[in-house]
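Accompanying notes for the structure given below.
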Amino acid sequence: MDIQKLINDYTSWMRNKITFDKVGEYYEITTPYLDSSNDYLQIYVRQDGESIFFTDDGATIQNLKMCGFQLTPVRKELLQRTLRQHGVELNGNELISSAQKDFAQKMHLFIQAILNINNCYATK
């Protein structure tokens, strides 16, 4: 097995599946990951000076609420733990984060946070 080739194939596939469009001052990045509605996960990114800001535009929490999601004490603790672990904040319903020179890692953590939060509906 040529593991390096397999990893290269995976990263090439990922690179080809990620798309982006300019929407106002943001770039809308569509990833190959699926959210709880089985739609492609989208994040929004904008740059201000040296900082890059990430948002989900409130979609993650809003989608959960549309499915009847209610923030029980267990879910609230799980949500807070997930936010802390991934360096993400909750501003109203909007997930936000920022990066300096570590864009790739922060984007990866932001996506992981959204995917983990999407799984909150499975808890009580």
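Where does each of 11-21, 53-63 land if you order them by average Cβ count within 10 Å, highest first? Provide the component values of the computation, followed by the final result.
On the way: 11-21: 11.2, 53-63: 19.4.
The densest-packed peptide leads the list: 53-63, 11-21.
How far is helix 73-86 tilted off the main Cα axis of the chain, in degrees rounded to 10, range 0 to 90?
30 degrees
If you plug each phi of the range 88-102 into the Karplus form 6.51 cos²θ - 1.76 cosθ + 1.60 with θ = phi - 60°, what whole-Hz ³J(HN,Hα) values come out, in order, with x for Gly and Pro?
For the range 88-102, the Karplus curve yields 10, 10, 10, 10, x, 9, 8, 8, 9, 7, 8, 9, 10, 9, 9 Hz.
What angle do you read, to the nearest 10 degrees and between 0 and 90, between the alpha-carbon axis of helix 3-17 and the longest principal axis of the chain?
70 degrees
If you plug each phi of the range 34-47 into the Karplus form 6.51 cos²θ - 1.76 cosθ + 1.60 with θ = phi - 60°, what whole-Hz ³J(HN,Hα) values come out, in order, with x for Gly and Pro?
Going residue by residue, I get 9, 8, 5, 8, 6, 9, 5, 5, 10, 10, 10, 10, 9, 10 Hz, with x marking Gly and Pro.
From zero up to wherever the largest Cα-Cα distance of the range 54-123 sits, split into 5 Å bins and tell me the percent of pairs in each.
Result returned by the calculation: 3, 17, 30, 27, 13, 6, 3, 0.
Along its principal axes, what span do the Cα atoms of the range 1-58 show, with the longest given first and each in whole Å?
45, 32, 15 Å, listed from the longest principal axis down.
If one takes the longest principal axis of the Cα atoms in the chain, at what angle in degrees, from 0 to 90 and to the nearest 10, does the Cα axis of helix 103-118 lie?
The helix 103-118 is inclined about 40 degrees to the chain.
Please report the net charge: other residues with Cβ closer than 14 Å to the Cβ of Leu115, K and R +1, D and E -1.
Details: positive: none; negative: Asp35, Asp39, Asp56.
Charge balance near Leu115 sits at -3.
Amide H neighbours of Ser98 under 5 Å, at least 5 residues apart or on other chains, H built in the peptide plane: list them.
Phe54
May I ask for the percentage of alpha-carbon pairs in the range 5-124 that lie more than 25 Å from each other? Each step should come with its number before you reach the end.
Working: 1727 of 7140 pairs.
Percent of Cα pairs beyond 25 Å in the range 5-124: 24.
Going through the range 57-115, which trypsin sites (Lys or Arg not before Pro) have at most 15 other Cβ atoms within 10 Å and a DSSP loop state? Mind dumping the intermediate values first?
On the way: sites: Lys65, Arg75, Lys76, Arg81, Arg84, Lys101, Lys106; in loops: Lys101.
Passing both the DSSP loop test and the Cβ count: Lys101.
Laboratory data are not the source of any read-out in this text; all were calculated from the coordinates shown. Everything numeric in this text was worked out from a predicted model, so none of it was measured. Glycine gets a Cβ as well: all are built from the backbone with ideal geometry, and neighbour counts include every protein chain shown.
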